[in-house]
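Here the structure comes first, spelled out in structure tokens, and everything after it is commentary.
Just so you know, all these numbers are worked out from the coordinates, no wet-lab data involved. Quick caveat, the model's predicted, so the values are computed rather than measured. For neighbour counting, all protein chains shown are included, and Cβ atoms are generated from backbone atoms with ideal geometry for every residue, glycine included.
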Amino acid sequence: GENVEQHPSTLSVQEGDSAVIKCTYSDSASNYFPWYKQELGKRPQLIIDIRSNVGEKKDQRIAVTLNKTAKHFSLHITETQPEDSAVYFCAGGGGNEKLTFGTGTRLTIIP
Amino acid sequence: GAVVSQHPSRVICKSGTSVKIECRSLDFQATTMFWYRQFPKKSLMLMATSNEGSKATYEQGVEKDKFLINHASLTLSTLTVTSAHPEDSSFYICSARAGHAGTEAFFGQGTRLTVV
């Protein structure tokens with residue numbers, strides 16, 4: 001089955017700086033890679049996703065890149081703000097319906 | 001986005017009793033629903049995948065007789081934790097998907113189960 005690894009587990013950045021979270025996956029059949037943001041005590045919310053026919057996708061301050069050959073994808077948040085503080089999960093799937101989640105990154109934005 | 005409602009949000013039960021958790025898609029028909037378990041400061045661990053009208057597919061290591069899943073309609077899936085024990089205490093969360101594999105899944109708000 002799919003195995004998704006995520007790094008780093010914790011990340012602190014100064015407000016206004018950029019944050020990068022990286023994930024790798026193992027199943028070459030995976031073709032859908034969403035990123036979820038989970039605030040404390042709340043449900044995960046999709047923030048951006050990418051499909052394997054695209055190398056990069058951007059939505060305002062958030063971007064995701066995908067390297068199919070190397071089987072890794074990354075989340076980039078620019079001009080970070082305090083409200084970006086949360087736990088971020090990457091996931092991979094699509095080949096067999098289910099999503100496999102990474103272990104999460106706790107992002108803290110320092111004012 | 002679409003709305004998935006999960007109830008109850010919190011439940012405390014005694015050891016040996018059973019607890020039912022409901023997951024409803026409010027404004028779309030969910031062809032597939034997923035049940036996850038999340039330990040404190042940990043990731044989402046998939047327990048099972050359920051498709052409407054068919055038996056759930058359980059992940060390795062998940063006891064199907066202990067975690068009963070029913071997906072009787074396109075808008076409702078239930079997870080029943082049977083004969084609960086303190087080690088079953090956890091955060092259980094469902095997600096629902098309207099389309100095919102590779103489309104967005106929406107999460108319920110989760111259920112905090114405490115078994116005493």
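Spin-label model, A:ILE62/A:GLU15: points 7 Å from Cα along the beta carbon direction are separated by 2.1 nm. For the protein assembly as shown, the Cys residues with no second cysteine's beta carbon closer than 4.7 Å are B:CYS13. Across segment B:36-46, coupling constants 3J(HN,Hα) worked out from phi with the 6.51/-1.76/1.60 Karplus curve, θ = phi - 60°, read 10, 10, 10, 8, x, 6, 10, 7, 8, 9, 5 Hz, and Gly and Pro carry x.
Could you list, in their original order, any pairs among B:LYS14/B:LYS66; B:LYS20/B:LYS64; A:LYS98/B:LYS14; B:LYS14/B:LYS42; A:LYS68/A:LYS98; A:LYS42/A:LYS71 whose Cα atoms are separated by more than 22 Å? In this structure, A:LYS98/B:LYS14; B:LYS14/B:LYS42; A:LYS42/A:LYS71 exceed 22 Å between Cα atoms.
Report the charge-dipole magnitude of the protein assembly as shown in Debye, nearest 20, computed about the Cα centre from +1 at each Lys and Arg Cβ and -1 at each Asp and Glu Cβ.
Numbers: 24 positive and 22 negative charges, 75 e Å.
In debye, rounded to 20, the protein assembly as shown gives about 360.
For segment A:5-111, run through the GluC sites (Glu not before Pro) and keep only the ones in DSSP coil with at most 14 other Cβ atoms within 10 Å of their Cβ. Don't skip to the answer; put the middle values down first.
On the way: sites: A:GLU5, A:GLU15, A:GLU39, A:GLU56, A:GLU79, A:GLU83, A:GLU97; in loops: A:GLU15, A:GLU39, A:GLU79, A:GLU97.
Here the sparse-neighbourhood loop sites are A:GLU15, A:GLU39, A:GLU79.
The relative contact order of chain A, computed from alpha carbon pairs under 8 Å that lie at least 6 residues apart in sequence, is 37 percent.
Treat every Asp and Glu Cβ in chain B as -1 and every Lys and Arg Cβ as +1, leave all other atoms uncharged, and give the resulting dipole magnitude about the Cα centre to the nearest 20 debye. If you can, show how the numbers build up before the last one.
Working: 12 positive and 9 negative charges, 58 e Å.
Roughly 280 debye for chain B.
Which FRET efficiency value, to the nearest 0.05, is calculated for B:THR82 and A:LYS42 with the Förster distance at 35 angstrom and r the Cβ-Cβ distance? Walk me through the numbers before you get to the answer.
On the way: r = 28 Å, r/R0 = 0.80.
Between B:THR82 and A:LYS42 the formula returns 0.80.
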